[in-house]
Amino acid sequence: MAVLFFLVIQILAVAAAPKVEKHFVLVHGACHGAWSWYKLKPRLESAGHRVTALDLAASGINMKAIQDVHTFYEYTEPLLEFLASLPPNEKVVLVGHSLGGLNLALAMDKYPEKVAVGVFLAALMPDTRHKPSYVLDQVCF
C-alpha cells in the first residue's frame, strides 16, 4: 500500500501543472480519516497546490457518533458541506480512496459544477444512474 501511495503522490505532483494552482480535496476510505493522507498532502502543497483533507462523519476527528449516522448521505455530509461552501467559480480535484469512491460519486452528482475531475484511487466507482444489478441484468440471459 505504501508503494501505491508513493506512486500516486508522484503522479499527482508531476501531472498537475505547477503553474496553475489546483485545489485537491482528499477523501479517505472506510475506517480511516484525513490523517491517512499525511504523506500526500505536504507533497502536493510543496508543488504549489491547495489541499483539503476531510474527515467524513464519525471518522478521524469528526465528533459525530457513529450511532448518529443513519445514511450514506449523512456520512458524506462533511464533504457535501465543504463543496457547498466553495465560491461559485472554484472547481476542485476530488481524490477518493477505497470506500471514499462512493462519497466522490455522491458529491459529483450533487455538485458537478464544483468538480474539475474525480480521481478514484483503488476506489469503488459506482454507476449512479442505474440500479446496482444493472450490469448483471445486461449480461445474464
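A few comments on the model shown:
- Distance between the modelled labels on H130 and I66, one decimal in nanometres: 3.3 nm (7 Å Cα→Cβ projection).
- Kirkwood hydrodynamic radius of the chain, from the reciprocal of the average inverse Cα-Cα distance over all distinct pairs: 15.9 Å.
- Calculated [θ] (222 nm, deg cm²/dmol) that DSSP helices of n ≥ 4 give over the chain, each run adding -39,500 (n - 2.57): -11000 deg cm²/dmol
Read the figures in this text as sums done on the coordinates, not as results from a lab. This is a predicted model, so every value here is computed, not measured. Note: ideal-geometry Cβ built from the backbone for every residue, glycine included; neighbour counts use all protein chains shown.
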